[in-house]
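I have placed the structure first, in the form of structure tokens, so that the comments after it can refer back to it.
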Amino acid sequence: MRARPVILHLDLDAFFTAVEQLHKPSLRGKPVVVGGVRGRGVVSTASYEARAFGIRSAMATSEARRRCPNAAFLSPRFPAYRDASAAVMELVRAVTPLVEQVSIDEAYLDLTPALPSPGVDEVEETAERLRARIHDATGLTASIGGGTSKLVAKIHSDLAKPDGLLVVPAGEEAQRLAPMSVRAIPGVGPATAARLSAYGVTTVGRLAELGVDECVALLGKAHGTQLHAFALGADDREVVIERAAKSVSAETTFDTDVTDRVRLGAHLRALTERVGERLRTDGLSGRTVVLKARRHDFSTVTRSVTLDQPTDDTAVVLRQAERLLAALDVSDGLRLVGVGVSGLSLYTQPDLLDGLLDDSLPAPQAPSRVDDFARPDAGGGDGGSAEPLPAAGDEPEPATVSWRPGQDVEHTEHGRGWVQGSGVGRVTVRFEGPHTEVGRVRTFAVDDPDLTAADPPTWQPGDAPPDDPAAR
Ligand SMILES: [Mg+2]
């Protein structure tokens, strides 16, 4: 905890879908969902327009389609997001060298090197300037929270969303946090909230009043001490400049302790898919698979296994992680499970796009799968096998042709565009880019030799602004 509000938490607003709307004029102001578009995929990000329909991150895509059949459901384009993130983080690091990037669209900043003893006004000016620079350079909006600690900064970037700024002056932390639900404190899930509620504690202020001894008696030593300090706005965690990634991991915290191995296995699979995607996106592979679990009493266990060869293959990582989980006693329940790969080395993927295909189907069926979000009846959220398949020999196109919704493409005659949907031997492309008007849609055979995959477009400042109403 600092004497001045020099810690900022920056979080890009609806990042993946914001990049999609920037690159695809026809989607601006429209509900857009990025995530696993097939089978049992889940929503990664929903645009604010899609959130109005109740669509949220981690929701099953099939449920999201039910809530808003006309939303655009797109596969992620990690290379585009990575480029946009890099551009943002470069601007962030120009403000202060003390930057801890915690995810592709989130970072903590410690402004001390830039502003040794600032007042709230100077911190706000600095943060506002950064937000403006990010918008000018990338077209994206960032929300920023500021305060004397990571805790206060993080809670307030969330409250500032979207496209906002909230800086809490030193000394006002406890008072600001007091009326909030205990759920605002990291580490308070529904189970802890319910336990506290039974003692009449529903707000952060009541939690602070409870006193540290009561908190410990109620929640155990580690958890109780930590939550009581947080309730007072006390948080000593430093902003740590990250080194090159030594490991790639993903974890999830449950609302209630989970003992069901089937559920744990499903979470493990989803987490491993994310880890695999990250490895392949960053061109990394690793030899050590790590399983992390936190028990109901907050003790954390990690188990690991080291492979002969480095891997970036989701199936290989999953097999090891499942073995490690199977050997773990979960009878008292787990509140967190995580999977990671460490011992990383650079590895060049022969075809990055292939690696990013979400649950691609067995080759002979690939071109027949319908993913056209423009046709609600094509959604479904079922597996590929339910689709009527052409009889063998009916479809002359090579089995390797498969287009993902949202994918960047180029046509020799019509120029650059993106895949709006594909199925039954056809692919629908909308020809537009960041600086064009809303584009025309055309349909081709999936194996049209004039149509090829393309790199993501870039958004350059100074051209037509992406939120130009004329482009809607
Ligand atoms: Mg974000």
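A few notes on this one:
- Amide H contacts of residue 57 (H built 1.01 Å from N, under 5 Å, at least 5 apart or other chain): 46
- Placing dummy labels 7 Å off each Cα toward the beta-carbon, the span from residue 94 to residue 323 is 4.9 nm.
- DSSP beta bridges confined to segment 247-348 are antiparallel in about 100 percent of cases.
- Each label was represented as a point 7 Å from its Cα along the Cα-to-Cβ direction; for residue 181 and residue 266 these points are 2.3 nm apart.
- Of all lysines in the structure, the ones whose alpha carbon falls short of 20 Å from that of residue 246, not counting any fewer than 8 places away in one chain, are 292.
- Largest to smallest accessible area among 284, 8 [probe 1.4 Å]: 284, 8
- In this view, the solvent-accessible surface of residue 1, computed with a 1.4 Å probe and all protein chains in place, comes to about 90 Å².
- Segment 247-348 shape via C-alpha gyration tensor axes, a/c threshold 1.5: prolate
- Accessible surface of segment 1-72, 1.4 Å probe: 53 percent of it comes from carbon and sulfur atoms.
- Residue-level accessible surface for residue 78, protein heavy atoms, 1.4 Å, Å²: 30
- Contact order normalised by residue count of segment 175-231, Cα under 8 Å, 6+ apart, percent: 37
- Straight Cα distances below 27 angstrom link residue 161 to the lysines 24, 30, 150, with same-chain residues fewer than 8 positions distant left out.
- Amide H contacts under 5 Å for residue 424, placed H, 5+ residues apart: 369, 370
- Note on residue 453 and residue 225: with the Förster distance fixed at 45 Å, the Cβ-Cβ geometry gives a FRET efficiency of about 0.25.
- Length gained on full extension, residue 52 to residue 194, computed as 0.36 nm times the residue gap minus the Cα-Cα distance: 48.3 nm.
- Our summary gives segment 247-348 a relative contact order of 46 percent, counting only alpha carbon pairs under 8 angstrom and 6 or more residues apart.
- Positive minus negative residues near residue 320 (Lys, Arg vs Asp, Glu; Cβ under 11 Å): +2
The values are calculated or read from the model by the stated rules, or taken from the named source; none is laboratory data. Keep in mind that this is a model prediction, so the values were computed, not measured. Cβ coordinates were reconstructed from backbone atoms using ideal geometry, including for glycine residues, and neighbour counts include every protein chain displayed. Accessible surface areas use protein heavy atoms only, side chains included; no ligands, DNA or RNA. Shrake-Rupley method; radii C 1.70, N 1.55, O 1.52, S 1.80 Å.
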